[in-house]
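Trainee: Can you read through this structure? Questions will come right after.
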Amino acid sequence: MRVAVLGFKGRMGHEVVKTVLREVDLELVAVLDHAPQEKNINEVAGFSNLDVPVFGDLEKLLTSVELDAVVDFTTPKVGYSNTKLVLTHGVSPVVGTTGFTPEQITELTELAASKKNWCDYCAKFCSWSSSYDAVCTKSSEVFPRCRDIGASSR
């Protein structure tokens, strides 16, 4: 699975990058930062042996790199718009960013279903999807410990 990580310089994003690199069936193909100073992740301490492009624009990343999934650990300010754009491009998002409203989650669920895609909202380990079983299968490949704590309240 070809994966991009959004917010890779943050504490959680950095951990996601390391997790993706440890998994044999995942390939890190791009990372995104809101204001990158570097063009490649090998310019970042701890990643000197990698050759992965750094993007500052999500649209450019989505049109430049072939992806299966995007992991978003950015901020609530951009997480929703990132997820919507990722789904619009037919890529499956795994979202660790918090702060989505129930209305936004409903909208993204419907968009994912219309694209015949999966979308996993893992903020605070809570998952959602119109096709929950498929999401659990896909997200467990990326986040083996991701579980649905909020299912009984939906």
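The rows are residues; the columns are (1) touching a Lys or Arg at 6+ places or on another chain (Cβ under 6 Å); (2) under 24 Å from Leu111 (Cβ atoms).
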{"residue": "Asp33", "(1), (2)": "yes, no"}
{"residue": "Ala45", "(1), (2)": "no, no"}
{"residue": "Ser48", "(1), (2)": "no, no"}
{"residue": "Asp51", "(1), (2)": "no, no"}
{"residue": "Leu61", "(1), (2)": "no, yes"}
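Trainee: Continuing with this model, one more query. Which count do you get for residues in segment 39-55 that are surrounded by 14 or more Cβ atoms within 10 Å (Cβ to Cβ) and over 19 Å from Glu15 (Cβ atoms)?
Mentor: Number of matching residues: 3.
Trainee: Taking Lys138 and the conditions (1) at pLDDT 80 or above; (2) among the charged types (D, E, K, R); (3) within 14 Å of the chain's Cα centre (by Cα), which numbered condition does it fall short on, given that it satisfies the others?
Mentor: It is condition (1) that Lys138 fails.
The values are calculated or read from the model by the stated rules, or taken from the named source; none is laboratory data. For clarity, every value in this text was computed on a predicted model and none was experimentally measured. Glycine gets a Cβ as well: all are built from the backbone with ideal geometry, and neighbour counts include every protein chain shown.
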